[in-house]
Amino acid sequence: ALHKSVRNSDPDAALYWLGRMLEAGEDPLYVARRLIRMASEDIGLADPEALAVTVAAMQAVHFIGMPEADLALAEAAVYLALAPKSNALYMGYGEVKSDAQRTVAEPVPLHLRNPVTGLMANFSYGRGYQYAHEAPEKLTDMSCLPENLKDRRYYQPTDEGFEKKLKEKLKAIEEWRRKRSAK
């Protein structure tokens, strides 16, 4: 009920269900772990501070314990309830897990492998790697995914909160790469 209240942006219900859990004797560290999961699953990069707020609440539980940590947990629950919501990371990582299991035998592209020995360099490890910091735009047109996944998009930011800026940034990066590949 706490998680669903946060997801539904209802701070009063979030506080109530948090109180029910704590007053019934639920382990406050369990509650803190659940709040951390909510920050990642339901808010994500729409508000990157959400994760820091929940981790700080967990640290407060460790540092001052109960009953004083109840307000730190309450602060985190209300923050999450009122934060912009996005499950873009949750959805994207779900696709990553599926692809990672399906393509477990796909090799790391040679240009992404670090040639830490002469033998590795002889096998072309690192050849063709483009160091983005040396490029004027701090971007390269180098592909970093395995060949059979090169066009895959996992993270699809929403228009919520900070993700709106990330979406614009991602669009600009994709446009830059499109123009470079057209040359």
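The values are calculated or read from the model by the stated rules, or taken from the named source; none is laboratory data. Note that the structure is predicted; figures quoted are calculated from it, not measured. Cβ atoms come from the backbone with ideal geometry, glycine included; neighbour counts cover every protein chain shown.
Please enumerate the residues belonging to region 28-56 that are buried (at least 19 other Cβ atoms within 10 Å of the Cβ), over 15 Å from the mean Cα position of the chain (by Cα) and either over 19 Å from Asp10 (Cα atoms) or among the polar types (S, T, N, Q) (or both).
Pro28
Please tell me if Ser143 is modelled with pLDDT under 95, part of a loop (DSSP other than H, G, I, E, B) and hydroxyl-bearing (Ser, Thr, Tyr).
Working: modelled with pLDDT under 95: yes; part of a loop (DSSP other than H, G, I, E, B): yes; hydroxyl-bearing (Ser, Thr, Tyr): yes.
Criteria met by Ser143.
Regarding Ala69, is this residue of a type in the set (A, V, I, L, M, F, W, C) and closer than 26 Å to Gln156 by Cα?
Values: of a type in the set (A, V, I, L, M, F, W, C): yes; closer than 26 Å to Gln156 by Cα: no.
Judged against the criteria, Ala69 is not a match.
From His62, His111, which residue is under 29 Å from Gln156 (Cα atoms) and over 22 Å from the mean Cα position of the chain (by Cα)? Before the answer, list the steps.
Details: His62 fails: under 29 Å from Gln156 (Cα atoms).
That would be His111, the only listed residue that is under 29 Å from Gln156 (Cα atoms) and over 22 Å from the mean Cα position of the chain (by Cα).
Could you grab the pairs with beta carbons closer than 7 Å, sequence gap of 6+ or different chains, first residue in region 160-172 and farther than 18 Å from Lys138 by Cα, second one in a helix (DSSP H, G or I)?
Within 7 Å, the pairs are Glu160/Ala46; Gly161/Ala46; Phe162/Leu45; Phe162/Ala46; Glu163/Leu45; Glu163/Ala46; Glu163/Ala88.
Please indicate, with yes or no, whether at least one residue in region 162-170 is part of a loop (DSSP other than H, G, I, E, B), surrounded by 11 or more Cβ atoms within 10 Å (Cβ to Cβ) and in contact with an Asp or Glu (Cβ under 8 Å, 6 or more places away or on another chain).
Checking region 162-170: at least one residue is part of a loop (DSSP other than H, G, I, E, B), surrounded by 11 or more Cβ atoms within 10 Å (Cβ to Cβ) and in contact with an Asp or Glu (Cβ under 8 Å, 6 or more places away or on another chain).
Consider Met38 against the criteria (1) at pLDDT below 95; (2) closer than 30 Å to Leu145 by Cβ: it satisfies all of them except one. Which criterion is unmet?
(1)
Let's see how each residue does on (1) surrounded by fewer than 16 Cβ atoms within 10 Å (Cβ to Cβ); (2) in contact with a Cys (Cβ under 7 Å, 6 or more places away or on another chain); (3) on the phi > 0 side of the Ramachandran plot:
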position	(1), (2), (3)
Leu73	no, no, no
Leu112	no, yes, no
Tyr155	no, no, no
Ile173	yes, no, no
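Can you confirm whether region 122-139 contains a residue that is in a loop (DSSP other than H, G, I, E, B), on the phi > 0 side of the Ramachandran plot, surrounded by 11 or more Cβ atoms within 10 Å (Cβ to Cβ) and of a type in the set (Ser, Thr, Tyr)? Walk me through it before giving the result.
From region 122-139, those in a loop (DSSP other than H, G, I, E, B) are 123-131, 135-139; that's our starting set.
Next, only the ones that are on the phi > 0 side of the Ramachandran plot stay: 124, 126, 128, 138.
Filter once more, keeping what is surrounded by 11 or more Cβ atoms within 10 Å (Cβ to Cβ): 124, 126.
Narrowing further to those that are of a type in the set (Ser, Thr, Tyr): 124.
Checked region 122-139: at least one residue is in a loop (DSSP other than H, G, I, E, B), on the phi > 0 side of the Ramachandran plot, surrounded by 11 or more Cβ atoms within 10 Å (Cβ to Cβ) and of a type in the set (Ser, Thr, Tyr).
Test each condition in (1) at negative phi; (2) touching a residue at least 40 places away in the same chain (Cβ under 8 Å); (3) of a type outside the set (A, V, I, L, M, F, W, C) for Gly44 and report the one that comes out false.
Here Gly44 meets the rest and fails (1).
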